[in-house]
Amino acid sequence: MTFNTTKVTQVIIVLFAFSIGLFHLANVSGIFVLSTQSIRIYHLMMMLALLFISKPSFSIFENNKLDKLVSVILTVVTLGSGIYMLSRWQDIALSGGETELLDAWVGVVILLLVLEGARRAVGNVLAIICTLFFIYPFISPFLPGILESRGYPLLRISEILTTTAQGVYGIPLGVSATYIILFSIYGAFLTEFGAGEFFFKIANRLTRNMRAAGAKTAVIFSTLLGMVSGSVAGNVAVTGTLTIPMMKREGYKSHQAGAIEAVVSTGGQLMPPVMGAAFIMAEIIGVPYTDIMQVAIIPACLFFLSIFFVVHLQAVKADLKPIPVDNEDQQSTLQLLISGGQYIIPFGTLIVMIIAGYSPFKACFYSTIILLICHIIWQRRIDKAFFSKSFNAITGGAKAVVPIAYACQYCRYYRRHTGYHRFRL
């Protein structure tokens, strides 16, 4: 019997992603409760494994059998090192940080895996920058002036970065394993169940018969979607496919339409209640997330408002005329809002719960449950599509966090290898 390796790989990727998403949903729901360190180790292990399976070392080796074999080996090593850390971290913690030689060498393997994962997920630039900071402790005794320090051996660095909560398993990765992945899944649920289409209809209704309606729709659409996605890439992926063709029909050139969409989608990570890096900011500086939300509201609104006016002025300058819109959509605004109640209610619940003092990930989880309940009420049935969309949302949300997880690791990784850390010692 012969197997299609491509299909087998795709099935494995889907199962990995689904298991990651389901694990985090089960943990936040209270089905099982694990320690913070266990969650972080599992999160990193599965994200690394998912990346190595799904992405080749270089794009030119995408269908290369040898490269696939290397990826399989890296995946096995990732799972093995992760399982080892899961079995050892508690003993290390209870002993006051006492480690064994094997712990340090397994840590070295994890650091190398993280470097390779960052190179594949984010790009060569980040991997090179972090490699430079990684070698700093080895060469620092030979550097002049303020760059000089006593230096540290490899195994000592490995212990600090992998057997404590001060390295790759630090606060940023913890944020990725709690807040970010849950909100990513939440955004995927909204997209799968049609919230993107509803937001587009609202934005399109507000800009109908205006000059540069497509560009203004992109601004409003990105504002609405940015409130729940917290992702620039997610905003571009959802809004761009709808608004860029509209802008091109109005007379914008391809590069102009793409530029407008890229700029307005950037605001997706600035618009409360779900903001990209704000979760990490809240954890590091110790400020409640609701305070950061309140401070961010005015700048985020000014950002989108300024782009709205710039788009209008550019349209006036280019003498772009409004395009008459046919009346195919006979649905009134009230009917549109009622049909979108299945998205408005969960979104309102999310905001109210966060303001009321619930943790963001608890608010996100309950909002997701309410979204599913509202969908069942509005559709009046539970069919195969319901389970298919739920499965796709969990899988897609987990996949979207892969590059973010590596960037989060390096927030702490960078900090441990700069002068800031040296002076703290």
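The values are calculated or read from the model by the stated rules, or taken from the named source; none is laboratory data. Predicted model, so just to flag it, every value in this text is computed and none were measured. Note that each Cβ is placed from the backbone with ideal geometry, even for glycine, and that neighbours are counted across all protein chains shown.
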Checklist line | Output for segment 356-370, where each listed residue is among the hydrophobic types (A, V, I, L, M, F, W, C) and surrounded by fewer than 16 Cβ atoms within 10 Å (Cβ to Cβ) | finding: 356, 369
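One line per residue, one yes/no per condition, for (1) over 25 Å from residue 158 (Cα atoms); (2) modelled with pLDDT under 90; (3) in contact with a Gly (Cβ under 7 Å, 6 or more places away or on another chain):
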site: 1; (1), (2), (3): yes, yes, no
site: 7; (1), (2), (3): yes, yes, no
site: 10; (1), (2), (3): yes, yes, no
site: 55; (1), (2), (3): yes, yes, no
site: 61; (1), (2), (3): yes, yes, no
site: 109; (1), (2), (3): no, no, no
site: 112; (1), (2), (3): no, no, no
site: 118; (1), (2), (3): no, yes, no
Margin query: For residue 180, only one of the following conditions fails: (1) in the same structural domain as residue 392 (by TED's automatic domain parsing); (2) part of a helix (DSSP H, G or I); (3) of a type outside the set (Asp, Glu). What is its number?
Written below: (1)
Next item on the list: Among the candidates 151, 117, 107, single out the residue that is part of a loop (DSSP other than H, G, I, E, B) and among the small types (Gly, Ala, Ser).
Entry: 151
Check: Pick from 187, 226, 170, 174: which is farther than 26 Å from residue 349 by Cα and either in the same structural domain as residue 264 (by TED's automatic domain parsing) or touching a helix residue (DSSP H, G or I) at 6+ places or on another chain (Cβ under 9 Å) (or both)?
Finding: 170
Check: Is it the case that some residue within segment 68-77 is surrounded by 11 or more Cβ atoms within 10 Å (Cβ to Cβ) and outside any helix (DSSP H, G or I)?
Finding: no
Check: With 195, 127, 233, 215 as the choices, which residue is closer than 23 Å to residue 272 by Cβ, out of contact with any strand residue (DSSP E or B) (no Cβ under 7 Å at 6 or more places or on another chain) and buried (at least 19 other Cβ atoms within 10 Å of the Cβ)?
Finding: 195
Notebook entry, point to check: What about residue 182, is it under 30 Å from residue 386 (Cα atoms), touching a His at 6+ places or on another chain (Cβ under 8 Å) and not small (Gly, Ala, Ser)?
Noted result: yes
Check: Residues of segment 259-310 being more than 22 Å from the chain's Cα centre (by Cα), touching a residue at least 40 places away in the same chain (Cβ under 8 Å) and surrounded by fewer than 21 Cβ atoms within 10 Å (Cβ to Cβ), which ones?
Finding: 308
Note to self: Condition check: crowded, with 24+ Cβ neighbours inside 10 Å and either within 18 Å of residue 321 (Cα to Cα) or touching a residue at least 12 places away in the same chain (Cβ under 8 Å) (or both). Does residue 221 satisfy that?
What the structure shows: yes
Next item on the list: Return yes or no: is residue 205 charged (D, E, K, R) and free of Cβ contacts under 8 Å to residues at least 12 places away in the same chain?
Entry: no
Check: Quick check: anything in segment 155-175 assigned to a loop (DSSP other than H, G, I, E, B), of a type in the set (D, E, K, R), more than 22 Å from the chain's Cα centre (by Cα) and modelled with pLDDT of 85 or more?
Finding: no
